[in-house]
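The block underneath contains the structure these notes are about, expressed in structure tokens.
Coordinate-derived values only; no laboratory data. All figures in this text were calculated on a predicted structure; none of them were measured in a lab. Quick reminder, even Gly has a Cβ in these numbers, built from the backbone with ideal geometry, and neighbours come from all protein chains shown.
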Amino acid sequence: MQIKSFLDKRAIKARLESRTKKEVLRELTDLLEKTGQITDQEEFLRVIQEREELGSTGIGYNIAIPHARCSGIKSLVGAFGISKGGIDFDALDKEPVNLFFMLAAPKNAAGDYLKALATISRLLRRKKSRQALMEARTVEEIEEIIEAEEA
């Protein structure tokens, strides 16, 4: 599975405006809404916030991958955003998070959902990829970096 199969250009933001965990979850959900794949944005926001209460998806290395399955989602879709200043996201390593990759899937999409999470993890595991994404200034640069890493 390739990231471009579920990451719509309309759901990428090179400079997130959020300053808090709650704000970034809203901002990323707003990006997902632009794709037309969410039928109930407020329901998804509630589900993703509940998921974060169970345990932070801030995995360390300045990365968070908030994710959830919800009945208000038409098909697997992702959003990506960069916070240049970093946001306190209760990450495992206690460091601020700069790279956010949100994943939303329908309740019945377990297989594709897990494949997408693995694909995102592989991309962000590479230090070179993380650094390139941190330096990206435009949506087009972000898309190019992701495509190059998946080639």
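Across the chain, the relative contact order, built from alpha-carbon pairs under 8 Å that are at least six residues apart, equals 27 percent. A simple spin-label model places the labels of E50 and R26 2.0 nm from each other, with each point 7 Å out along Cα-to-Cβ. DSSP beta bridges confined to the stretch 35-151 are antiparallel in about 65 percent of cases.
Here the chain is assigned +1 on the Cβ of each Lys and Arg and -1 on the Cβ of each Asp and Glu. Its dipole about the Cα centre then comes out at about 280 debye.
Distance between the modelled labels on T39 and R10, one decimal in nanometres: 1.8 nm (7 Å Cα→Cβ projection). Per-residue ellipticity at 222 nm, computed for the chain from helices alone with -39500 (n - 2.57) per DSSP H run of at least four residues, works out to -13500 deg cm²/dmol. Extension gain, T138 to D88: 0.36 nm times the residue separation minus the Cα-Cα distance gives 15.7 nm. Relative contact order for the stretch 4-52: 33 percent, from Cα pairs under 8 Å spaced at least 6 residues apart, divided by residue count.
The calculated P(r) of the stretch 95-151, using every Cα pair and 10 Å bins from 0, goes 20, 49, 26, 4 in percent. Annotation for the stretch 73-96 versus the stretch 17-54: alpha-carbon center distance of 11 Å.
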